[in-house]
Amino acid sequence: MLDKYGAKATFNLISDMNILKNADAAQKAHVKEVYKNHKIGNHVKGHPQFKDDPNATSSTFVSSVDEYIKLINDGRSELEEIAGYGVRGIAWPNGKPPK
């Protein structure tokens, strides 16, 4: 629909979830084609949460900011490989950056 009407959007993807998880070259090419008229933003690999977060529901838990930063960078790199350009946007998992 967006392409049909010329609308642009940013899609915040989690690099290791949904159709990207264990994607082969053909699947990655398909993702690149689907989003070619839009931007891909990073929603952080694994959608992490801190272990001590009382509202934690994620399957990926981290114990330190350094671990969180690694997942941000890994997610960005993996999405850049698929997109073919520098992914600069980020949507924080759970609506807020880590403390």
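The values are calculated or read from the model by the stated rules, or taken from the named source; none is laboratory data. Every value quoted in this text rests on a predicted model; they were computed, and no experiment measured them. When we count neighbours, we look across all protein chains shown, and the Cβ atoms used for this are built from the backbone with ideal geometry, even at glycine. What goes into the accessible areas is simple: the full protein's heavy atoms, side chains included, and nothing from ligands, DNA or RNA. Shrake-Rupley method; radii C 1.70, N 1.55, O 1.52, S 1.80 Å.
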Can you name the residue in the stretch 6-38 that is open to solvent by 80 Å² or more (accessible area, probe 1.4 Å) and under 26 Å from VAL62 (Cβ atoms) and is also farthest from the chain's Cα centre (by Cα) among such residues? ASN22
I'd like the residue in the stretch 78-92 that is free of Cβ contacts under 8 Å to residues at least 60 places away in the same chain and assigned to a helix (DSSP H, G or I) and, out of all such residues, is most open to solvent (accessible area, probe 1.4 Å). GLU81
All-but-one check, ALA23 against (1) under 18 Å from GLY75 (Cβ atoms); (2) in contact with a Ser or Thr (Cβ under 7 Å, 6 or more places away or on another chain); (3) modelled with pLDDT under 85, failing number (2)
With respect to LYS8, determine if the residue is among the basic types (Lys, Arg) and in a loop (DSSP other than H, G, I, E, B). yes
Test HIS47 against the criterion of being at pLDDT below 90 and crowded, with 16+ Cβ neighbours inside 10 Å, and give yes or no. yes
